Amino acid sequence: MDKMWAGRFEKALDKQADDFNSSIHFDKKMYKEDIKGSIEHALMLSSVGIITKEEYLQIADGLNSILDDLNSGALAFDENAEDIHMFNEAELTKRIGDTGKKLHTARSRNDQVALDLRLYMRNQTNDIIALLKELIKVTRDKAEENQNAIMPGYTHLQRAQPVTFAHHLLAYCMMLMRDVTRLEDALTRMNYSPLGSCALAGTTYPTDRDMVAKNLGFDGVCMNSIDGVSDRDYCIELESAFSTIMMHLSRFSEEIILWSSWEFKFVELDDSYTTGSSIMPQKKNPDMAELVRGKTGRVYGDLMATLTMLKGIPLAYNKDMQEDKEAIFDATETVIKCLGVFIPMIKTMTPIKENMYQAAGKGFINATDLADYLTKKGMPFRSAYKIVGTIVGECIKKNITLDQMTLEEYKAHSEIFENDLYGEISLETCVAKRISKGSTGYASVKEQLEYVTEFLK
Ligand code: ARG
């Protein structure tokens, strides 16, 4: 196919160079946005008198027929086309003749591609927000069902203090809620139309950029045409937010992988989200969680690729910028696919409360509460801390837990100890007595559940 710009050249582009240059195999994803943007551009051209009303109608009909045919599969993408913009324009001219050649008046591919990607990423980001909300909801519901499931809370992966499974899951809800607001925040900053920036300097035609921006749902136009065609900040913001989402999913995955091991067995994953081994008949592997953890690096890589691609290019458009798309498409698809399996995996996951409780009974995770017991009876916390440390050491030697020490043995350490200490160090009491805001206490967890529900409204 002859290039649209062939006039200036004496020789055709080398085949290998042509393939290297072409972006249609990935930017065809944006065909709907490209067509939508072109229709609004043509409407604006007719409204300011650059083309006639009839010409606009012809262009809109032609573009809509291309859209229908691409949607139905009746029209295939020409993989030899340079990019989706050239493809749609050439196809339009094929269908409606010379009027099609008027579409590109007062526009450049530089502002066209900038527009298409913003429109495309706005849609994808809204889809990701919806998926995140769904994940928050299933995680919240799982928390609600497990308000009485006591498990060890960890620091350094060492048993630390008793918490409820609900409290632990709600921590992920908080992270995912911040992920939603991060994306919403990026959306407000990126929602300005670059169209009409043209190649870089604007145009001599009396265009109405605000009209196109309004019709395409933007909050306004990019105020500097050089910036309009050069800005990919929003890609970096989105990829950064996607990276944070993946980091959260990866931490959650790591816990699920640990929890479903025989060493923990705090949860059982549903068969539909686990796989077997080709050799070991007993195996049930948490592949989905592992893949999510593994794919996190890809998204970080996409962020790094975009940051690096942009750092050295002078204003305005440079072909380097074509690389923005493969990176952000990959990051977007990865996040969408990961959320797609993560949501039902959490929804169908069964907590094994007995095992959590048993694990919570070991490891002296009520030691802080025992120290608090002494403190509340008047002993300074540091002294209480020291005494309890000595008691724990004694228990370890005797291979018993704190509730198995006799009162007599306790009294040998301090006269303050009375029979009521045993009630104070039961796991249930340890949880129930956590009354501070945001704590693992039952009332606090209820408040957190409510907080998440409010967010989702
Ligand atoms: N395929 C190009 C891209 O993705 C479209 C813009 C081309 N503009 C240009 N001046 N060559 O960046």
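The values are calculated or read from the model by the stated rules, or taken from the named source; none is laboratory data. As the structure is a prediction and not an experimental result, all values here were calculated from the model. Cβ atoms come from the backbone with ideal geometry, glycine included; neighbour counts cover every protein chain shown. Note: accessible area is taken over every heavy atom of the protein model, side chains too, but ligands, DNA and RNA are not part of it. Shrake-Rupley method; radii C 1.70, N 1.55, O 1.52, S 1.80 Å.
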Cβ pairs under 7 Å, 6+ apart, first in the range 3-32 and open to solvent by 90 Å² or more (accessible area, probe 1.4 Å), second within 13 Å of the ligand (Cβ to nearest atom)
M4/M86
In this structure, is T368 in contact (Cβ under 8 Å) with a residue 12 or more places away in the chain and either closer than 20 Å to I150 by Cα or among the charged types (D, E, K, R) (or both)?
yes
Whether any residue in the range 426-441 is in contact (Cβ under 8 Å) with a residue 12 or more places away in the chain, acidic (D, E) and in contact with a Phe, Trp or Tyr (Cβ under 9 Å, 6 or more places away or on another chain) is what I want to check.
no
Kindly indicate which of L103, L119, L63 is more than 16 Å from the ligand (Cβ to nearest atom), at pLDDT 95 or above, open to solvent by less than 60 Å² (accessible area, probe 1.4 Å) and closer than 30 Å to S197 by Cβ.
L63
I'd like to know if the range 133-146 contains one or more residues that are open to solvent by 20 Å² or more (accessible area, probe 1.4 Å) and among the aliphatic types (A, V, I, L, M).
no
What number of residues within the range 195-248 satisfy the criterion of being more than 22 Å from G49 (Cβ to Cβ), out of contact with any helix residue (DSSP H, G or I) (no Cβ under 7 Å at 6 or more places or on another chain) and acidic (D, E)?
4
What are the pairs with Cβ atoms under 6 angstrom where one residue, in the range 106-134, is touching a residue at least 24 places away in the same chain (Cβ under 8 Å) and within 25 Å of L45 (Cβ to Cβ) and the other, located anywhere, is hydroxyl-bearing (S, T, Y) and more than 9 Å from the ligand (Cβ to nearest atom)? Sequence gap at least six, or different chains.
A106/T203; A106/Y205; A106/T207; D111/S197
Looking at the range 425-440, which of the residues that are open to solvent by 50 Å² or more (accessible area, probe 1.4 Å) and in contact with an Asp or Glu (Cβ under 9 Å, 6 or more places away or on another chain) is modelled with the highest pLDDT?
K437
Here is a list of conditions, (1) more than 23 Å from the chain's Cα centre (by Cα); (2) on the phi < 0 side of the Ramachandran plot, and T274 meets all of them except one; can you say which number that is?
(1)
Hey, any hits in the range 125-145 for a residue that's among the small types (G, A, S) and in contact with a strand residue (DSSP E or B) (Cβ under 9 Å, 6 or more places away or on another chain)?
yes
Scope the range 206-240; condition assigned to a loop (DSSP other than H, G, I, E, B) and of a type in the set (F, W, Y); matching residues
F218
Please find, among E415, E409, E326, the residue that is over 27 Å from Y154 (Cβ atoms) and within 23 Å of the chain's Cα centre (by Cα).
E326
Being open to solvent by less than 40 Å² (accessible area, probe 1.4 Å) and within 19 Å of T334 (Cα to Cα) is the filter here, so list the residues in the range 275-299 that pass it.
P286, A289, V292, T296, V299
Are there any pairs, at least 6 apart or on different chains, whose C-beta atoms fall under 6 Å, with the first in the range 323-350 and within 18 Å of K295 (Cα to Cα) and the second modelled with pLDDT under 95, and if so, which?
M345/Y273
Look at the range 303-331 and say how many of its residues are open to solvent by less than 30 Å² (accessible area, probe 1.4 Å) and away from the ligand (no atom under 16 Å from the Cβ).
2
With the checklist (1) away from the ligand (no atom under 16 Å from the Cβ); (2) surrounded by 16 or more Cβ atoms within 10 Å (Cβ to Cβ); (3) part of a helix (DSSP H, G or I) in hand, flag the one item F364 doesn't pass.
(3)
Output the residue which, of all residues in the range 66-100 that are β-branched (V, I, T) and more than 16 Å from the ligand (Cβ to nearest atom), is surrounded by the fewest Cβ atoms within 10 Å (Cβ to Cβ).
T93
Conditions (1) closer than 18 Å to G340 by Cα; (2) modelled with pLDDT under 95 -> Q161 fails only (1)
So, in the range 106-116, exactly how many residues are part of a loop (DSSP other than H, G, I, E, B), under 34 Å from the mean Cα position of the chain (by Cα) and more than 9 Å from the ligand (Cβ to nearest atom)?
1
Would you mind finding the one in L449, L374, L402, L421 that is under 36 Å from the mean Cα position of the chain (by Cα) and open to solvent by less than 30 Å² (accessible area, probe 1.4 Å)?
L449
Going by the structure shown, is M247 open to solvent by 50 Å² or more (accessible area, probe 1.4 Å) and either farther than 30 Å from C222 by Cβ or within 13 Å of the chain's Cα centre (by Cα) (or both)?
yes
